[in-house]
Amino acid sequence: FLRVHEEIRLKGSMEKVNMILLFSTAILDMFTDLKDGRKLLDLLEGLTGKPLPKERGSTRVHALNNVNRVLQVLHQNNVELVNIGGTDIVDGNHKLTLGLLWSIILHWQVKDVMKNIMSDLQQTNSEKILLSWVRQSTRPYSQVNVLNFTTSWADGLAFNAIIHRHKPEFFSWDKVIKMSPVERLEHAFSIAKNHLGIEKLLDPEDVAVQLPDKKSIIMYLTSLFEVLPKQVTMEDIREVETLPRRYKQECEDGELNMQQVCLSSVGIKFHLCYTTSSFGSSRAETPSTVTEVDMDLDSYQVALEEVLTWLLSAEDAFREQEEISADVEEVKEQFSTHEGFMMELTAHQSSVGSVLQAGNQLVAQGNLSPEEEFEIQEQMLLLNSRWEELRVESMDRQSRLHDMLMELQKQQLQQLSDWLTVTEERIQKMESQLLADDLESLQKQLEEHKSLQSDLETEQVKVNSLTHMVVIVDESSGESATAILEEQLQRLGERWTAVCRWTEERRVKLQEIQLLWQELLEEQCLLKAWLTEKEEALSKVQTSNFKDQTDLSVNVRKLAILKEDMGMKRQTLDQLNELGQDVAQILGNDRASSKIDQDQEELTQRWDSLVQKLEDYSNQVLNKTLLFFTFMLCEYDFSSVENRVVVCLICNDDSQAGLLDVYFSILRAW
């Protein structure tokens, strides 16, 4: 498993190094071509922009000098290296050579590309920024939920989503969805190369696996980040920080044999992270299973000392592990840490077996003195017993960690199920209640709903922890051991989604009703005030005992203005009636609807009453005016503009014909 990741990372690193350096002679074998240090110095020259002297000799000494100069330059540039020495590179150590190259790429490509945004956001974790950018870029795509730099990329959707979000003109998203994972990956890598100038650092077949290589994914994503728009906010960073803490490490370390199962629903995505212990029940290999070793007594003692030194440090590391916590997130972290420790034991298992075999061979050769033979037998007994004790204790801790983790996760699931049951009953009760009778009661319902929303947000934190569960299975149990758990998670996801959807829909409905009802009441108050004002104005109109022609003219004008205002305001009354009907229909509450209808009827009656009074006042003034003209006809001057206006206002007709009609009417009456 580790070798597969090593080969994937090797191909990507070779592509990247060749691309950076543009070697006239490309690197064909990473471990052979870099052993003498000269290619590494060429690489650093290109990255630092400074000439670096190289020793051209072909001896091991020349190679060590070159590699040590490489390490010195890296140290001067604050590149972090852990347990990498010159001899490791010269000897072609695969793991450490790849570690060295990755450290160089991380420092000069990843961090250099992100240094400005890291400075702006005051962040030092480049991976967190990159993951925030990815999640922000893929948010509009419901089929994509990126949680790490490994399993989230295997289906190829995320790569295509990033490119499509920033360059939608390049291809159709609907077309990508219908492709297979390998086809999607090939599509994304080809688009990136042809349109964005990004080399194919990855092969689709290497990514479309259960657990893609994290570092290779980061290396490729950094190239995308460099050429595409990049906008990351602190809100995006905080969202990444709220993801389950250990899931990213558990699914990204690349040290576990994992299989991810995604259970998707509209509002939540649960993921099961299955892992099979790589250490198993293996003991130190016996002489019959270890390759023959040729070792003299001195070499044996050196090898024994190295193994015992490591074993001592491993025992110390094991005993320094904290007591198993009762907090699920802390147990996930402890589980992940112990898995790494178990992997280390597995890596040194063959070394222990080799030393035990060498000791047995020395004893079997019969060339030792009795004292030497006894000492070797005691040493082997000590080594084997300490190894076995550490192995058994480690397996026991792994078992206890798993049991605790499963129990805590089971409790979490039960707690969520219980919470959903209570909340569903709470929702049923809220649904059975009619909407409020008045605006004050509606406000109380809104406060009650806000309380439900607050409880939902609080529970969301716990749900985030449940979105990724860690389960250890063995080959014999397989799918049957987890089928029930998967079904339970599926049901919980559906129930959670239903609660979230109902809560949001009800919030929208209550707020809509509140706004409409407030608008209705405000408009009703305004119309009542307007009617009161007009009623008072009409009460002040004089309908008899006019002092003179001017007094008559003033009162006639008042009536005309009131009549015009009423005509303009009629539309407001009609709109208010429509708004009242809308509110009553949405409420579906007979008492509330009756109250709204009653208020509207009251306004309509006041309106009709005002209209009738205005009509009566107008008729009274007209009669008094006709009587006034009967007595004043002889002295009335029709050539006066003011007098003509008075007559026209009474008749509501400004035409000459109307004026003459009034004139002759008065004459006939006289």
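The values are calculated or read from the model by the stated rules, or taken from the named source; none is laboratory data. Computed from a predicted model, the values in this text were never measured in an experiment. Cβ coordinates were reconstructed from backbone atoms using ideal geometry, including for glycine residues, and neighbour counts include every protein chain displayed.
Tabulated results
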quantity	calculated
Entirely in region 122-200, the helices (runs of 4 or more DSSP H) that have 2 or more residues that are of a type in the set (Asp, Glu) and out of contact with any strand residue (DSSP E or B) (no Cβ under 9 Å at 6 or more places or on another chain)	181-196
So LYS178, is it without any contact (Cβ under 8 Å) to a residue 24 or more places away in the chain, basic (Lys, Arg) and farther than 29 Å from MET118 by Cα	yes
Residues of region 487-530 classified as in contact (Cβ under 8 Å) with a residue 60 or more places away in the chain, of a type in the set (A, V, I, L, M) and within 21 Å of GLN571 (Cβ to Cβ), total	4
Qualifying residue in region 172-191 (condition: under 22 Å from LYS332 (Cβ atoms) and at pLDDT 80 or above)	no
Some residue of region 363-378 being crowded, with 18+ Cβ neighbours inside 10 Å and more than 30 Å from ASP327 (Cα to Cα)	yes
Hits in region 383-403 - residues which are within 27 Å of LYS462 (Cβ to Cβ), surrounded by fewer than 18 Cβ atoms within 10 Å (Cβ to Cβ) and in contact (Cβ under 8 Å) with a residue 12 or more places away in the chain	ARG400
Residue within region 320-342 that is of a type in the set (Ser, Thr, Tyr), assigned to a helix (DSSP H, G or I), crowded, with 17+ Cβ neighbours inside 10 Å and at pLDDT below 90 present	yes
Residue in region 435-450 that is surrounded by the most Cβ atoms within 10 Å (Cβ to Cβ), counting only those that are of a type in the set (A, V, I, L, M) and within 13 Å of ARG506 (Cα to Cα)	LEU442
Pair list, Cβ under 8 Å, 6 or more apart: region 445-464 residue basic (Lys, Arg), other residue surrounded by fewer than 17 Cβ atoms within 10 Å (Cβ to Cβ)	LYS462/GLN412; LYS462/GLN415
Some residue of region 208-229 being farther than 21 Å from ASN116 by Cβ and surrounded by fewer than 17 Cβ atoms within 10 Å (Cβ to Cβ)	yes
Residues located in region 58-80, provided they are among the hydrophobic types (A, V, I, L, M, F, W, C) and either touching a strand residue (DSSP E or B) at 6+ places or on another chain (Cβ under 7 Å) or assigned to a helix (DSSP H, G or I) (or both)	VAL61, ALA63, LEU64, VAL67, VAL70, LEU71, VAL73, LEU74
Scan of region 589-621 for residues that are modelled with pLDDT of 85 or more and among the acidic types (Asp, Glu), ordered by number	ASP597, ASP599, GLU601, GLU602, ASP608, GLU615, ASP616
Subset tally (residues that are within 26 Å of LEU485 (Cβ to Cβ) and within 24 Å of the chain's Cα centre (by Cα)) for region 418-454	2
Any hit, region 88-111, residues being under 30 Å from LEU40 (Cα atoms), of a type in the set (Asp, Glu), surrounded by fewer than 20 Cβ atoms within 10 Å (Cβ to Cβ) and touching a helix residue (DSSP H, G or I) at 6+ places or on another chain (Cβ under 7 Å)	yes
Residue that is modelled with the lowest pLDDT [pool: residues in region 214-253 that are over 20 Å from THR150 (Cβ atoms), part of a helix (DSSP H, G or I) and β-branched (Val, Ile, Thr)]	ILE237
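Conditions tested, residue by residue: (1) closer than 30 Å to HIS348 by Cα; (2) of a type in the set (Asp, Glu); (3) in a helix (DSSP H, G or I); (4) in contact with a helix residue (DSSP H, G or I) (Cβ under 6 Å, 6 or more places away or on another chain).
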position	(1), (2), (3), (4)
VAL363	yes, no, yes, yes
GLU375	yes, yes, yes, no
GLU407	no, yes, yes, no
THR421	no, no, yes, no
GLU424	no, yes, yes, no
GLU440	no, yes, yes, no
